[in-house]
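Asker: Dumping the structure here so I can ask a few things about it.
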Amino acid sequence: MDFREVIETTGACRHYRPDPVPDEVLARVLDAARWAPTGGNRQGVRFLVVRDPARKTALRDLYVPLWEQYVQRAGARPGAPLPKLIAAADHMARHLDEVPVLLVVCAQLGDLLATDRHLDRLSVVGGGSIYPAVQNVLLAARAEGLGTALTTLLCAVEPQVKQLLAIPADVLTAALVPLGFPVQPFPRRLARRPLTDICFGDAWGEPAFR
């Protein structure tokens with residue numbers, strides 16, 4: 001696939017076919033993660049491939065209450081029809097155990113350096129050594145005809161997830177990525193803000209290109 005087509009059509013997939021993902025395809029997708037940049041080239045990202053039905057069901061059971069809390073905070077009224085995007089995400093949440101592969105993204109704590117940890121705001125820099133690898137996986141999956149979604153809701157119950165999957169104490173969880181063949185066609189192009197809304201030149205709000 002053309003590179004631009006890959007990045008412009010890699011959207012969140014919420015409906016998956018039950019077809020299994022062949023090992024050789026999954027290996028190619030995950031191999032893309034190895035080439036992502038990490039701080040100091042420490043390469044601390046790890047992936048847990050969950051295909052066991054019982055563990056997938058347990059992850060779903062942890063996920064659904066968190067999702068329901070999220071929907072309530074988003075202002076959805078009980079019993080009212082859900083907006084299209086929320087309805088699709090709701091379907092994924094309640095059928096998470098039916099997705100062929102659940103990737104639990106992990107990272108070794110000792111390989112992360114949060115240079116912004118002293119600032120009076122949310123620390124985000126440590127994720128710079130994690131999420132580029134995740135994006136590589138999302139793009140590689142798209143190139144293989146696989147759908148994905150990136151969710152971090154399960155990080156709120158990390159102790160339970162770590163116990164379920166025997167994750168060591170010195171390893172954190174950073175995301176969950178459902179992966180499988182999509183029911184619906186890929187989008188022709190994602191809806192995104194124009195470049196002028198997100199890119200400035202020399203000072204905030206000034207145009208980068210004239």
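Read-outs throughout are calculated quantities, based only on the coordinates presented, and are distinct from any laboratory measurement. Everything numeric in this text was worked out from a predicted model, so none of it was measured. We place every Cβ from the backbone using ideal geometry, glycine too, and count neighbours over all the protein chains shown.
Asker: Tabulate in residue order the Karplus-calculated ³J(HN,Hα) for segment 146-155, using 6.51 cos²θ - 1.76 cosθ + 1.60 with θ = phi - 60°, rounded to whole Hz; enter x for Gly and Pro.
Answerer: Result, ordered by residue: 9, x, 8, 8, 10, 9, 10, 4, 5, 5 Hz.
Asker: Let me ask you something else. Per residue of segment 35-51, in order, report the coupling 6.51 cos²θ - 1.76 cosθ + 1.60 (Karplus, θ = phi - 60°) as ³J(HN,Hα) in whole Hz, putting x for Gly and Pro.
Answerer: Each residue's phi maps through the Karplus curve to give 9, 6, x, 9, x, x, 6, 6, 6, x, 6, 10, 10, 9, 8, 9, 10 Hz.
Asker: Using a Förster radius of 35 Å, what is the FRET efficiency between V64 and T196 based on their Cβ-Cβ separation? Nearest 0.05, please.
Answerer: So the FRET efficiency works out to roughly 0.30.
Asker: In debye, nearest 20: dipole of the chain around its Cα centre with unit charges on the Cβ of K, R (+) and D, E (-)?
Answerer: 380 debye
Asker: With runs of 4+ DSSP H residues as the only contributors, calculate the mean residue ellipticity of the chain at 222 nm using -39,500 (n - 2.57) per run, divided by the residue total and rounded to the nearest 500. Don't skip to the answer; put the middle values down first.
Answerer: Numbers: 7 runs with 72 residues, N = 210.
One gets -10000 deg cm²/dmol as the mean residue ellipticity at 222 nm.
Asker: Turning to a different aspect of this structure: Averaging sequence separations of C-alpha pairs under 8 Å and six or more residues apart, then dividing by the length of segment 1-104, give the relative contact order as a whole percent. Mind dumping the intermediate values first?
Answerer: Working: 58 pairs, mean separation 50.9, N = 104.
With pairs under 8 Å counted, the relative contact order is 49 percent.
Asker: Quickly rank 142-155, 45-58 as a protection proxy: mean count of other C-beta atoms within 10 Å, highest first.
Answerer: 142-155, 45-58
Asker: What residue among Q163, T152, P83 has its Cα farthest toward the positive end of the dipole of the chain, where the charges are +1 on Lys, Arg and -1 on Asp, Glu, each on the Cβ?
Answerer: My answer, from the dipole projection, is P83.
Asker: Quick check: the distance between the Cα centres of segment 119-194 and segment 96-116, to the nearest angstrom?
Answerer: The two parts, judged by their Cα centres, are 7 Å apart.
Asker: For segment 3-198, what D do you get in µm² per second when you plug the Kirkwood radius from alpha-carbon pairs into Stokes-Einstein at 20 °C and 1.002 mPa s?
Answerer: 120 µm²/s
Asker: In addition: Modelled label-to-label distance, L165 and L109, 7 Å Cα→beta-carbon offset: nm?
Answerer: 1.7 nm
Asker: Are there chymotrypsin sites (Phe, Trp or Tyr not before Pro) in segment 133-210 that DSSP puts in a loop and that have at most 12 other Cβ atoms within 10 Å, and which ones?
Answerer: Answer in residue order: W204, F209.
Asker: On a full-extension model of 0.36 nm per residue, what is the gain between R188 and L82, subtracting their alpha-carbon distance, rounded to one decimal in nm? Present the calculation step by step, with values, prior to reporting the outcome.
Answerer: Details: separation 106, 0.36 × 106 = 38.16 nm, distance 2.43 nm.
Working it through step by step, the gained length comes to 35.7 nm.
Asker: Between L150 and D19, what is the spin-label point distance in nm, taking each point 7 Å from the Cα along the Cα→C-beta axis?
Answerer: Distance between label points: 2.6 nm.
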